[in-house]
Ligand code: SF4
């Protein structure tokens with residue numbers, strides 16, 4: 001190992017106290033300094049943290065922001081989620097490839113640039129978009145791609161690509177990003193002014209059980225989509241025995257089409273941290289972790305600064321709000337690029353310095369979570385709601401929305417709409433009303449709830465957004481009349497093929513079978529029996545997959561099939577002679593000839 005690499009590994013490991021549960025941080029730092037985590041570094045990490053070499057190697061191969069092979073000094077990660085593809089990903093990718101002289105996945109010979117594609121970076125309101133190292137570059141065109149490369153060749157400083165600052169805190173000296181918030185409709189619960197420090201001080205004047213009762217009185221349910229009552233979840237963790245307890249904020253919104261947590265973290269981080277502090281107090285935790293997705297790394301310094309301010313004001317740290325028994329602090333844990341880490345048990349694995357592999361439940365995290373201690377994982381929006389409940393009172397919160405779905409919901413709306421952005425709407429609003437707000441015209445389909453959500457056709461536009469009807473974590477993508485819903489469903493299945501962690505067969509294999517099934521239909525080679533097979537595979541995945549990803553990833557196929565059955569039926573047909581239409585005789589004989597003659601493919 002070179003001296004500089006050896007001393008860097010020693011220094012980085014020492015900076016986290018040689019704690020193996022900080023392996024993701026160590027690997028990220030080595031990647032940042034050397035452009036990769038080479039085999040020699042893996043040896044060094046193994047010796048210093050006491051983690052086996054295969055474990056380190058497996059972790060490096062798992063996360064998309066880590067690599068054993070050297071990457072360029074500047075890595076351009078082009079977002080290829082469905083919205084970006086609809087708005088010009090292919091064109092922009094070709095422009096970057098031509099300018100750099102490398103394909104996707106390539107690195108220039110001088111080691112200056114790497115070009116990669118990546119899943120959603122939380123910028124669907126700015127599509128097509130990319131990350132240049134940590135700097136988001138938005139609203140790309142082919143001209144802009146060429147200008148970016150030309151400029152980088154001069155200074156190699158991605159931050160200097162930002163010429164015009166975005167609105168609000170995007171212009172903060174510690175952020176300095178071109179991103180715009182696109183807050184299109186603010187409501188009275190989340191996207192509203194609040195009294196700084198008030199919610200935390202009010203909680204400190206109450207007992208933990210009184211705080212839990214207030215959250216239950218407000219009827220707050222988790223905003224991630226599943227809608228489990230937050231107060232009940234907290235009670236479970238409070239009652240669970242444990243020498244330590246943890247409160248984790250899931251800021252890993254990775255559903256393609258979701259970006260509302262980006263806006264919350266940019267404009268209302270103080271409220272999110274207040275919610276974390278109050279939740280920690282309620283469950284008896286002294287330690288909090290904000291799990292921040294790697295794609296939002298550009299917000300990290302700003303968020304650290306907000307935490308420092310709260311410490312200075314006595315709203316974080318020891319004896320919060322002058323209450324002797326109220327100690328709580330928060331650290332930021334960076335992710336390293338893995339969609340599955342949005343699943344709470346996978347996220348906890350990642351926090352512990354492991355691959356983001358989901359875990360079996362039970363035990364639930366509230367009983368046995370981070371490092372085996374009782375842990376609550378709440379998402380960013382849920383915690384912002386907690387602060388509002390304490391600040392304004394449970395009644396103010398629950399008078400908004402419906403009986404079963406109290407409060408408001410933040411929606412990230414993108415796709416074929418005139419005004420992509422973030423909307424705060426009361427639960428109970430119809431899809432049609434939301435589409436009108438976003439200036440959507442001639443919409444033929446809406447994907448709601450991210451890729452594992454549902455594809456809704458026009459006959460479903462009077463359905464309502466709430467836990468009892470269209471439950472959603474917040475993503476909503478509208479598709480106009482020129483889009484092919486089957487092609488869109490295929491893109492989502494491709495996404496799941498990439499993002500499945502591969503642990504269990506139904507998910508690892510099933511997503512590919514479903515994608516290939518849609519390929520057949522789109523190519524006009526499908527038969528009615530193929531549609532039956534799609535449904536059967538989905539049923540098997542639901543019944544036998546290990547975690548929520550595989551238990552729901554088939555939804556784009558099933559819901560598109562349900563909403564657009566006539567389109568599927570028009571593309572599949574039985575061969576009159578009962579031959580299999582998907583059987584390609586020419587290709588098969590070509591293959592047989594190749595084998596017989598021993599020729600190359
Ligand atoms: Fe991994 Fe998919 Fe199985 Fe979940 S369902 S554990 S993501 S392979």
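The largest-to-smallest principal axis extents of the Cα set in region 117-205 are 57, 25, 23 Å.
Going from the residue with the fewest nearby Cβ atoms within 10 Å to the one with the most, 388, 432 rank 432, 388.
Run through the DSSP bridge list for region 72-219 and note the antiparallel percent, rounded to the nearest 5. Please list the in-between numbers first.
On the way: 7 of 13 bridges.
Approximately 55 percent, going by the DSSP bridge assignments.
Where a ≥ b ≥ c are the square roots of the eigenvalues of the C-alpha gyration tensor, would you call region 62-178 rounded, which needs a/c under 1.5, or, failing that, prolate if a/b is larger than b/c, or oblate? Cα axes put region 62-178 in the rounded bin.
Size check on the chain: the Cα extents along the three principal axes, sorted descending, read 82, 64, 48 Å.
The alpha carbon gyration tensor of region 290-372 gives principal lengths a ≥ b ≥ c with a/c of 1.5 or higher and a/b no greater than b/c, which makes the shape oblate.
Given the Cα-Cα distance of residue 6 and residue 433 and 0.36 nm per residue of separation, how much length would full extension add, in nm? Working shown, then result.
Working: separation 427, 0.36 × 427 = 153.72 nm, distance 5.95 nm.
Length gained, residue 6 through residue 433: 147.8 nm.
Measuring between their Cα centroids, region 476-506 and region 143-191 lie 28 Å from each other. Taking each DSSP H run with n ≥ 4 as -39500 (n - 2.57) and averaging over every residue of the chain yields -13000 deg cm²/dmol at 222 nm. Subtracting the Cα-Cα distance of residue 160 and residue 404 from their residue separation scaled by 0.36 nm leaves 83.0 nm. For region 163-247, a Kirkwood radius taken over Cα pairs fed into Stokes-Einstein (25 °C, viscosity 0.890 mPa s) yields D = 150 µm²/s. Dividing the mean sequence gap of close Cα pairs (under 8 Å, 6+ apart) by how many residues the chain holds gives a relative contact order of 13 percent.
Classify region 528-575: rounded, prolate or oblate, from the alpha-carbon gyration tensor (a ≥ b ≥ c, eigenvalue square roots; a/c under 1.5 rounded; otherwise prolate if a/b is larger than b/c)? The partial results should precede the final answer.
Details: a/c = 4.44, a/b = 1.97, b/c = 2.25.
Cα axes put region 528-575 in the oblate bin.
Given a Förster distance of 35 angstrom, what is the FRET efficiency for residue 90 paired with residue 441, based on the Cβ-Cβ distance and rounded to 0.05? Walk me through the intermediate numbers first.
Numbers: r = 25 Å, r/R0 = 0.71.
Working from the Cβ atoms, E equals 0.90.
Here's the picture: a label point sits 7 Å out from the Cα of residue 147 along the beta-carbon direction, and within region 158-191 the residues with their amide nitrogen under 11 Å of it are 162-164.
Compared with the alpha-carbon gap, the fully stretched path from residue 305 to residue 318 is longer by 2.9 nm at 0.36 nm per residue. Based on alpha-carbon centroids, what's the gap between region 72-91 and region 363-387 in Å, whole number please? Result: 33 Å between the Cα centres.
If you rank 383, 522, 435 by fewest surrounding Cβ atoms within 10 Å, what's the result?
Values: 383 28, 522 15, 435 18.
Listing 383, 522, 435 from fewest to most nearby Cβ atoms yields 522, 435, 383.
No lab work stands behind these numbers, since they all come straight from the coordinates. Remember, it's a predicted structure, so these values are computed and weren't measured experimentally. Because the Cβ atoms are built from the backbone with ideal geometry, glycine has one as well, and the counts that use them run over all protein chains shown.
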